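Colleague: For reference, the structure I am asking about is given below.
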Amino acid sequence: MSTWGGMKIGSKQGQKGDKQAPMRFSDTLTAALANRKNKYKDVSKDLNSLITREELEDEIFVPNYNIRKIKAMIARVVKQQFVVRNEHGDLLTWVYNPEKSLEMSQSIAKAVKDRLRNLNLPRHRIVCFCSIVEKQLQGVHYKMKYILDPYKDNYVQYVHDGAIFWIITTAFLVHKD
């Protein structure tokens with residue numbers, strides 16, 4: 001069985017009259033941290049200057065897409081879903097059917113994703129989803145929690161507010177590099 005000795009925490013023992021805060025680190029740990037700080041002093045200065053320069057600049061990364069154009073494209077895709085024609089090519093009135101809302105939301109998400117791929121954004125991963133929610137004297141609390149880089153990643157959301165339903169379409173553009 002081994003016994004452990006006491007560890008010296010502070011370099012000086014405090015007097016009864018001293019109102020000094022007790023030391024929280026051992027002498028060896030403090031010395032090791034000081035040596036490490038001196039060793040990487042130049043690197044930390046360069047890193048701090050880089051960080052402050054990045055904080056001063058407005059945008060670090062300039063995206064090669066326009067959010068307003070993407071939102072307008074999503075609006076066009078959603079509105080095209082309401083154009084229903086019969087076998088003769090005549091326009092029919094669109095009627096909300098909750099049983100077919102899953103199929104409609106999948107087709108909207110796929111159409112938006114395909115159109116975003118046609119924009120040739122090679123360094124972005126495109127994630128799109130669509131929700132169709134029926135209004136029955138209720139509201140919608142739509143909350144998303146994802147880890148996104150605020151400088152390089154972005155998302156676009158379009159909400160179509162119909163008489164008896166909402167269509168909420170969200171497209172994420174996640175930078176791969």
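Colleague: When the residues of segment 95-133 are filtered to those that are without any contact (Cβ under 8 Å) to a residue 40 or more places away in the chain and touching a helix residue (DSSP H, G or I) at 6+ places or on another chain (Cβ under 6 Å), which remaining residue is farthest from residue 81 (Cα to Cα)?
Modeller: 132
Colleague: Residue check, residue 98 against (1) in contact with an Asp or Glu (Cβ under 8 Å, 6 or more places away or on another chain); (2) farther than 17 Å from residue 164 by Cα, all met but one. Which one?
Modeller: Condition not satisfied by residue 98: (2).
Colleague: Something else: Does segment 57-71 contain any residue that is of a type outside the set (D, E, K, R) and at pLDDT 90 or above?
Modeller: Yes, there is a match, as at least one residue in segment 57-71 is of a type outside the set (D, E, K, R) and at pLDDT 90 or above.
Colleague: Another question, if that's okay. Is segment 134-146 home to any residue that is at pLDDT 85 or above, out of contact with any strand residue (DSSP E or B) (no Cβ under 7 Å at 6 or more places or on another chain) and not basic (Lys, Arg)?
Modeller: No.
Colleague: Would you mind stating whether residue 108 is assigned to a helix (DSSP H, G or I) and either within 21 Å of the chain's Cα centre (by Cα) or not small (Gly, Ala, Ser) (or both)?
Modeller: yes
Colleague: Go through segment 84-96 and give me each residue that's of a type outside the set (D, E, K, R) and open to solvent by 60 Å² or more (accessible area, probe 1.4 Å).
Modeller: 88, 91, 92, 93, 94, 95
The values are calculated or read from the model by the stated rules, or taken from the named source; none is laboratory data. For clarity, every value in this text was computed on a predicted model and none was experimentally measured. Note that each Cβ is placed from the backbone with ideal geometry, even for glycine, and that neighbours are counted across all protein chains shown. With ligands, DNA and RNA removed, areas are computed over all heavy atoms of the protein, side chains included. Shrake-Rupley method; radii C 1.70, N 1.55, O 1.52, S 1.80 Å.
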